[in-house]
Amino acid sequence: MRLEDAQKILKRPYVTERTFDQIERENKLCFVVEDRVTKTQIANAVQALYEVKVDAVNTSRTTRGKKAFVRLVEAGKAAELATKMGLV
């Protein structure tokens, strides 16, 4: 996947107290994503942009848009990546 396409899929990281807990406890990151993308496209975009391996993707639709909860394969990678992105 091209980086330009990946950047269009992932709009921005989404951080709340709940998602911060998920970073530490479940090795998950949360992103606001485009409405019409699939879980596979989200996983490919995260892998292309951040050079990590994705284990699973769960999505939910809210009034503010579509959110993707991305679980990473390697333990502790979510916290490391969140620190690099300036979320923590």
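The values are calculated or read from the model by the stated rules, or taken from the named source; none is laboratory data. Model, not experiment: these values are computed from the prediction. All Cβ positions, even for glycine, are placed from backbone atoms using ideal geometry, and neighbour counts span all protein chains on display.
Points to keep in mind about this one:
- Filtered residues of segment 56-79 (kept if surrounded by 13 or more Cβ atoms within 10 Å (Cβ to Cβ) and modelled with pLDDT of 95 or more): Val57, Asn58, Thr59, Lys66, Lys67, Ala68, Phe69, Val70, Arg71, Leu72
- Residue list for segment 16-31, restricted to those being of a type in the set (A, V, I, L, M) and in contact with a Ser or Thr (Cβ under 9 Å, 6 or more places away or on another chain): Leu29
- Among the residues of segment 32-53, those that are more than 16 Å from Ala79 (Cβ to Cβ), out of contact with any Ser or Thr (no Cβ under 8 Å at 6 or more places or on another chain) and either in contact (Cβ under 8 Å) with a residue 24 or more places away in the chain or assigned to a helix (DSSP H, G or I) (or both) comprise Val32, Glu34, Asp35, Val37, Thr40, Gln41, Ala43, Asn44, Ala45, Gln47, Ala48, Leu49.
- Residue satisfying all of: in segment 12-50; basic (Lys, Arg) and surrounded by fewer than 16 Cβ atoms within 10 Å (Cβ to Cβ); farthest from Arg61 (Cα to Cα) among these: Arg25
- Filtered residues of segment 62-77 (kept if under 21 Å from Asp5 (Cα atoms) and either part of a helix (DSSP H, G or I) or more than 11 Å from the chain's Cα centre (by Cα) (or both)): Gly65, Lys66
- Residues of segment 23-46 that are among the basic types (Lys, Arg) and over 9 Å from the mean Cα position of the chain (by Cα): Arg25, Arg36, Lys39.
- Flag if Tyr50 is at pLDDT below 95 and in contact with a Phe, Trp or Tyr (Cβ under 7 Å, 6 or more places away or on another chain): no
- Segment 1-22: number of residues that are within 11 Å of the chain's Cα centre (by Cα) and not polar (S, T, N, Q): 7
- Complete set of residues in segment 1-42 that are of a type in the set (Phe, Trp, Tyr) and at pLDDT 95 or above: Phe31
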